[in-house]
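The values are calculated or read from the model by the stated rules, or taken from the named source; none is laboratory data. Note that the structure is predicted; figures quoted are calculated from it, not measured. Backbone-built Cβ (ideal geometry, glycine too); neighbour counts: all protein chains shown.
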């Protein structure tokens, strides 16, 4: 055996991997791993669909006449919720990896932190995309009708919510111990969703909630996602909300990540 | 090959210190390890073994002193796949299979060895499709070893690699390491098992309270066990006087108790009984275990006379 892998007596000129170790094999295995986690997939893909079907049912009973409009805005709101739930869960997987010591194992490889975080965000967004597609399919089956361009535009914008919340998931993943990360995140996301008007149109909510809504991290993304369908004036504060929250979550995640992996 | 790296030492530590709060985990270590050496960092828990290995791997930075690995910084050496490690604490993902874990890690390196090759070398080819969570501690440790083989590193660092393994797992693990080391890999492993250091290392570096208290080939360290230990109760012992007696290699004073390591126990005993007020004189034959315990025990300050320099290992 000794001839197969001779070990040089002096230091060979080797190089670090390109892109800090980012590669498609890593990504593919991570996605397969995510799909193997049935609980996460069920919670993030099936729950929004059930929620949509329930809310749509209620709305039809409650406000005959405006049914189709509320059905569409509810569908988009739920798609945003699904995207954020999926992306947060995906991002929060780092907490399990930290608990299992995998982050430390990875530090023995050439993988750069930026490459690791990029892979985590992409995986989280893939799950977010699946959630949006499934909610939209449920909407289409249940008679939601829109211009094809509006389907695609609102869908893509709803999916954009997952970028904001992938950062939130990473932030939570580095903040909380793994055993209760989802128990904390679930209710927090539900509050974000409710106060941001994802489940029920804001106009139907009490005044206090309507006043709180604009500061919620969900408010901007949901308003932007609905815009191609609702039309009217585009409020620049929506965009501001998205930018500020994304930066805030990302900064918090980066801060905790550096504290976690600092060499020394 | 860049000329500045061609003749570099595998590891070069110079006056390295590192503290955690008030605990001086590593308290001034100088270490030079040549490429091709197989060395054990031997010491009890808390001697500074893990802290030292962490600094060699760039997982921790010294408060003072310099760490150079293969002529470069630890992070650089890891980035180029020149150094790999098997750690006590490095975790694995339970929901991946053994092969997936190796494939995933292989994908990070610029030019890894084939997945099947490292699985075979680590002796876990037959476990490739098993979920990591279903593998025993010993099997998981051989998987970590397989991951460490991927970059075909020049230097392999192992931190208490067999902690918590059963006898069979330990034997299988070391036979995999030994087969690998026979091909010329530089290996530095930390252990608190004397037998492991004795059986697998060419050189033993004894650590105690963050300092190197002995450093030599395995046979030189074994020679520390020859001779006898003379113990007696003696208040106000004259350490310098005792050190000058023929055959004495170390004098340790713990309160009223003196412990003298010597090649001539008769001379020491005669002196103690005739020229001092010593009582309760005991003469004990020392084995390797005693040498280890005497050199590494934590219940006393590291005195100059404790330091048993047993020659230059390089």
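Below, the figures for the structure above:
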{"read-out": "Residues of the range A:210-234 that turn out to be in contact with a helix residue (DSSP H, G or I) (Cβ under 6 Å, 6 or more places away or on another chain), surrounded by fewer than 21 Cβ atoms within 10 Å (Cβ to Cβ) and touching a residue at least 12 places away in the same chain (Cβ under 8 Å), as a count", "value": "4"}
{"read-out": "Residue match in the range A:151-170 (condition: over 20 Å from residue A:72 (Cα atoms), out of contact with any helix residue (DSSP H, G or I) (no Cβ under 7 Å at 6 or more places or on another chain) and part of a helix (DSSP H, G or I))", "value": "no"}
{"read-out": "Condition broken by residue A:197, with the remaining ones in (1) surrounded by 14 or more Cβ atoms within 10 Å (Cβ to Cβ); (2) assigned to a helix (DSSP H, G or I); (3) in contact with a helix residue (DSSP H, G or I) (Cβ under 8 Å, 6 or more places away or on another chain) satisfied", "value": "(2)"}
{"read-out": "Set B:240, B:148, B:214: member being closer than 30 Å to residue B:271 by Cα and over 14 Å from the mean Cα position of the chain (by Cα)", "value": "B:240"}
{"read-out": "Which numbered condition residue B:116 fails, given (1) closer than 24 Å to residue B:165 by Cβ; (2) more than 11 Å from chain A (Cβ to nearest Cβ); (3) surrounded by fewer than 16 Cβ atoms within 10 Å (Cβ to Cβ)", "value": "(1)"}
{"read-out": "Residues (touching a strand residue (DSSP E or B) at 6+ places or on another chain (Cβ under 7 Å) and either surrounded by 22 or more Cβ atoms within 10 Å (Cβ to Cβ) or within 18 Å of residue B:161 (Cβ to Cβ) (or both)) located in the range B:43-64", "value": "B:43, B:47, B:48, B:49, B:50, B:51, B:52, B:53, B:55, B:56, B:57, B:60"}
{"read-out": "Exclusive hit being touching a strand residue (DSSP E or B) at 6+ places or on another chain (Cβ under 8 Å) and in contact (Cβ under 8 Å) with a residue 60 or more places away in the chain, set B:67, B:26, B:132", "value": "B:26"}
{"read-out": "Meets criteria (facing another protein chain (nearest Cβ under 9 Å) and in contact with a strand residue (DSSP E or B) (Cβ under 8 Å, 6 or more places away or on another chain)) for residue B:84", "value": "yes"}
{"read-out": "Criterion violated by residue B:128 - all others in (1) over 20 Å from residue A:112 (Cα atoms); (2) within 12 Å of another protein chain (Cβ to nearest Cβ) satisfied", "value": "(2)"}
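One line per residue, one yes/no per condition, for (1) at pLDDT below 95; (2) more than 9 Å from chain A (Cβ to nearest Cβ):
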position: B:23; (1), (2): yes, yes
position: B:35; (1), (2): yes, no
position: B:47; (1), (2): yes, yes
position: B:60; (1), (2): yes, no
position: B:106; (1), (2): no, no
position: B:111; (1), (2): yes, no
position: B:122; (1), (2): yes, yes
